[in-house]
Amino acid sequence: MVLAWVLGLGLLGWLLQHVPLAQAKDALMRPNTTTWGLTLGGLLLSYALRGARLQVVLDLDNHQAPPRRWLGLRTDALRVILMHNAAVNLLPMRAGELSFPWLASRELGYPVARAVACLLWMRLQDITVLVGLGIVLWPGLPWPWRAAGLIAIVLGWTVLLASLRAWDRRHPSDASVPDGLLGRWLNKLRHALLESAHHRAAAWLLTLSNWVVKLAAGAILLACIADTRVVVAWAGALGGELAAIVPLQGPAGFGTYEAGVWAGMATNLGAASAQLAQAIPAAIALHLCFLVCAVVAGVVALLLTRLKPAPATR
């Protein structure tokens, strides 16, 4: 854990020396107090929604009693989400994802294989919801295309689940899974997609709520900095999140996230638009905001983990 944090913060420090901080500083000074309040409040709410989703997906309340709750949210689930989110934001090449199985095992007492299946499910769920939001809310997309895209998503999930259920019937136990990388991957996918807790309506609703809140928070800040319509900024925020899914990421995700924001805004603005000229400084400012919040929240969660009282002994 210490090595991962030192590496991540070291890469961040090195990278910030190469970021045009003067432009970012100017961009960060433009939003007023209300805009910052809405952005930071939305980001904090998205953390809470992610923690709540983890409770549902891992069926934590039926696994073990929570150490304590805040407004119904398990503090152990929130700690895992915050530390994992910080690792994902800091480390390159999506390497921070590797922290989740270890954290779930250490903090929640779950087997690593179960945690890997949970992570795989959450990422598939995230991609599905992000693509669905893009289809429904992308500015200027004809409604027949939106309907066709949503139908394709539903049909794709139906076919995938039917195929995996058929494969599960042919291989009812892990011992019967074929050898090789493909067999092991299909087995993890089988466990992730066929786990009953994963398909609860609450898990989908919390995932959707998380992304709507986070994208709205990012769009508000982008719209203020770039002086553009919220609907255009929404496309930029969505483009940045879709780009963040790509496995090839630099330290702290810099570069790909900004490119995604620029591409999202460029689809709705002309190449000579003054707002588009502000897209990159706005994207850097938004990225720094999200990154700083993720690191601070992760450090707080790590400190709370270290300060947990030791279990009583008899």
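Read-outs throughout are calculated quantities, based only on the coordinates presented, and are distinct from any laboratory measurement. Nothing here was measured: the structure is a model prediction, and the numbers come from that model. Methodologically, a virtual Cβ is constructed for each residue, glycine included, from the backbone with ideal geometry; neighbour enumeration extends over all protein chains shown.
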* Asked: Residue by residue, what Karplus-based ³J(HN,Hα) values in Hz, rounded to whole numbers, does segment 161-169 have, using 6.51, -1.76 and 1.60 with θ = phi - 60° and x for Gly and Pro?
  -> 5, 5, 5, 5, 5, 5, 5, 5, 5
* Over the Cα atoms of segment 142-206, compute the convex hull volume and normalise it per residue, giving Å³. => 108
* Kindly rank 199-210, 229-240 from highest to lowest mean number of other beta carbons found within 10 Å of each residue. => 229-240, 199-210
* Structure fact -> Charge tally for neighbours of residue 139 with beta carbon under 13 Å away, counting Lys, Arg as +1 and Asp, Glu as -1, is +2
* Structure fact -> Cα-based Rg and Dmax for the chain, in Å, come out at 20.5, 72
* Local electrostatic count at residue 68 - Lys and Arg +1, Asp and Glu -1, tallied over other residues with Cβ under 9 Å -> +1
* Calculate, for residue 26 and residue 179, the FRET efficiency according to 1/(1 + (r/R0)^6) with r their C-beta to C-beta distance and R0 45 Å; round to the nearest 0.05. => 0.20
* How big is segment 179-264 on each of its three principal axes, counting only the C-alpha atoms and giving the largest first in Å? -> 55, 32, 17
* Rounded to whole Hz and in sequence order, give me ³J(HN,Hα) for segment 66-71 from the Karplus expression 6.51 cos²θ - 1.76 cosθ + 1.60, θ = phi - 60°, writing x for Gly and Pro. => x, x, 6, 10, 10, 6
* segment 92-155: Cα Rg divided by the 2.2 N^0.38 Å rule of thumb -> 1.56
* Sort 255-265, 95-105 for me by packing, meaning the mean count of neighbouring Cβ atoms within 10 Å per residue, highest on top. => 255-265, 95-105
* Mind checking the angle between helix 230-244 and the chain's longest principal axis? C-alpha axes, 0 to 90 degrees, to the nearest 10. -> 50
